[in-house]
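*Asks:* Got a structure for you, questions after.
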Amino acid sequence: MSSSLPNRTLVIMAKAPKPGMVKTRLSESLPSSAVTALYRCLLEDTLALAKSLSSVGVAVMCPESDQDELSHVVGDTVQVVAQKGDGLAAGLTSVFRHFTVAGQQHVIAFNSDSPHLAPSVLETAFQILATHDVVVGPTHDGGYYLVGAKAAHSSLFEADGMGTGTALDRLLTRTRALELSTGFTEPFYDIDIANDLILLARELRLAPAKAPRTARWCGEWQEAVAQFGPGVEGL
C-alpha cells in the first residue's frame with residue numbers, strides 16, 4: 001500500500017469465549033457449552049474474514065479481563081488491546097481513541113459475530129469512510145454491525161441504548177449533533193437471538209465456505225437449532 005494512502009484498520013469487538021459470558025440470549029435454547037463453542041467459531045471466522053482484506057490492519061478490542069485469554073485464542077498475528085472502562089460504549093470509545101491519529105488513520109470497529117458478511121461490504125465501508133466522517137453498517141434489529149471514523153469523538157458513544165433496538169437511532173442523533181457526515185453500508189444481521197441463528201444456519205448450509213468453522217458447528221447442532229421455532233425444516 002502506498003504511503004500516501006490512509007492507514008486502514010479493522011478492529012473486532014470481542015470477548016473471551018467463556019461460558020455464560022457470550023451470546024447469553026441463546027443460552028435459553030442451547031447448552032452453555034454449545035453457545036460458547038458457537039461464539040468461538042464466529043470469532044475465528046470473523047478474524048479470517050478480516051484477514052482476507054487487502055491493505056487493512058486487523059486488531060481486537062476487548063475487556064481488560066479478557067485480554068490474556070483472547071491473545072491465546074487469536075494467536076500472535078493479531079494485536080489484542082484492552083479497552084478503558086466497562087461495556088460496549090466504553091469499548092467503542094477506546095477503539096477510536098487508541099487507533100485514530102488526527103485523520104491519518106481510517107478505523108472501523110466490527111462486531112465479532114458477522115463472519116458471513118461479504119468481504120466487499122467491509123471494503124465498501126472503508127471507501128465510504130474516505131469521503132465521510134463516519135460510516136455505519138445498520139442491523140435489521142435497530143443496531144449496527146460496524147461503525148468507522150477517522151478521529152476520536154468523545155461523545156459519539158453514550159452508554160444509554162447500547163445493545164438495544166434504539167442503538168442506531170441514538171448514534172445517528174449524536175452524529176447529527178456533532179455535525180459529522182455519515183455514510184452507510186447495506187443493512188445486515190448479526191447473531192443475537194434464535195431467529196438470527198436460524199437464518200445463519202440456512203445461509204451456511206448453502207455456502208459453508210463463508211464461515212467454515214461456524215458451518216461445522218451448525219451441522220453438529222442442526223437438530224437443536226431446528227427446534228427453535230416452526231417453519232425451519234430442512235435446516
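The values are calculated or read from the model by the stated rules, or taken from the named source; none is laboratory data. If you're wondering where the values come from, they're calculated on a predicted model, not measured in any experiment. Cβ: placed from backbone, ideal geometry, glycine included. Neighbour counts: every protein chain shown. Heads up: the accessible areas ignore ligands, DNA and RNA and are worked out on the full protein's heavy atoms, side chains in. Shrake-Rupley method; radii C 1.70, N 1.55, O 1.52, S 1.80 Å.
*Asks:* Restricting to the range 37-55, what's the tally of residues that are open to solvent by 20 Å² or more (accessible area, probe 1.4 Å) and either β-branched (Val, Ile, Thr) or under 20 Å from residue 19 (Cα atoms) (or both)?
*Replies:* Residues meeting the conditions: 4.
*Asks:* While we're looking at this one, here's another question. When the residues of the range 58-76 are narrowed to those that are part of a helix (DSSP H, G or I) and not acidic (Asp, Glu), which ends up most open to solvent (accessible area, probe 1.4 Å)?
*Replies:* 72
*Asks:* Specify the residue that is least open to solvent (accessible area, probe 1.4 Å); the eligible residues are those in the range 167-208 that are free of Cβ contacts under 8 Å to residues at least 12 places away in the same chain and within 26 Å of residue 24 (Cα to Cα).
*Replies:* 196
*Asks:* Let me ask another. Please list, ordered by first then second residue, the pairs with beta carbon atoms under 6 Å, 6 or more apart or interchain, first in the range 36-53 and in contact (Cβ under 8 Å) with a residue 12 or more places away in the chain, second among the acidic types (Asp, Glu).
*Replies:* Between residues of the range 36-53 that are in contact (Cβ under 8 Å) with a residue 12 or more places away in the chain and residues that are among the acidic types (Asp, Glu), the close pairs are 42/113.
*Asks:* Separate question: Report whether or not residue 114 is touching a helix residue (DSSP H, G or I) at 6+ places or on another chain (Cβ under 8 Å) and within 24 Å of residue 170 (Cα to Cα).
*Replies:* yes
Residue-by-condition table, conditions (1) over 13 Å from the mean Cα position of the chain (by Cα); (2) more than 16 Å from residue 57 (Cα to Cα); (3) of a type outside the set (Lys, Arg):
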site: 117; (1), (2), (3): no, yes, yes
site: 123; (1), (2), (3): yes, no, yes
site: 128; (1), (2), (3): yes, yes, yes
site: 142; (1), (2), (3): yes, yes, yes
site: 148; (1), (2), (3): no, no, yes
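*Asks:* Could you list all residues from the range 206-230 that are among the charged types (D, E, K, R) and at pLDDT 95 or above?
*Replies:* Once the filter is applied, which keeps residues that are among the charged types (D, E, K, R) and at pLDDT 95 or above, the range 206-230 yields 210, 213, 216.
*Asks:* Quick check on this structure: which one of 157, 184 is modelled with pLDDT of 95 or more and either in contact with a Cys (Cβ under 8 Å, 6 or more places away or on another chain) or not acidic (Asp, Glu) (or both)?
*Replies:* Going through 157, 184 in turn, the sole match is 184.
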